[in-house]
Amino acid sequence: MGTKTITMYVSDIDKSEIQEGEAYQLSIRHPDGSTQQLDISAKNYRDLKLEGLGKTLKKRGRKPGSTSRTAAAARRRTGTRTNSKAESA
């Protein structure tokens, strides 16, 4: 028997359902070091007048499953090693 997962976003501000592709996520870092993440709708985003405020963080690192590193590692592993002492003896 298979399972089906349905993801539905609900605004943390007004508890209304958010359509797919229109959910904004806000991260709030508290002074004690904890982080709170809120899902809000495009309407809530406009109402709060958040556009242009704060800073946009850049994505860092590789995407999961990137083939560039795994291909290079596979090439290194396939080379055969020769023992220099065994050849000279």
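Ignoring any ligand, DNA or RNA, what whole percent of the accessible area of the stretch 1-56 comes from carbon and sulfur when the probe is 1.4 angstrom?
Heavy-atom surface of the stretch 1-56 belonging to carbon and sulfur, 1.4 Å probe: 48 percent.
So how much accessible area does Thr67 have, in Å² to the nearest 10, using a 1.4 Å probe?
100 Å²
For Asp12, what accessible area in Å² do you get when you roll a 1.4 Å probe over the heavy atoms of the protein chains, rounding to the nearest 10?
70 Å²
Please give, to one decimal in nm, the separation of the simple spin-label points placed at Thr3 and Ser27, each 7 Å out from Cα toward the Cβ.
Inter-label distance under the simple model: 2.7 nm.
Out of all Cα-Cα pairs in the stretch 1-66, roughly what percent, to the nearest whole number, are more than 12 Å apart?
77 percent
The values are calculated or read from the model by the stated rules, or taken from the named source; none is laboratory data. Bear in mind the structure is a predicted one, so any value in this text is a computation, not a measurement. A quick note on method: Cβ atoms are made from the backbone with ideal geometry, for glycine too, and the neighbour counts reach across all protein chains shown. Surface accessibility is based on the protein's heavy atoms, side chains included, excluding ligands, DNA and RNA. Shrake-Rupley method; radii C 1.70, N 1.55, O 1.52, S 1.80 Å.
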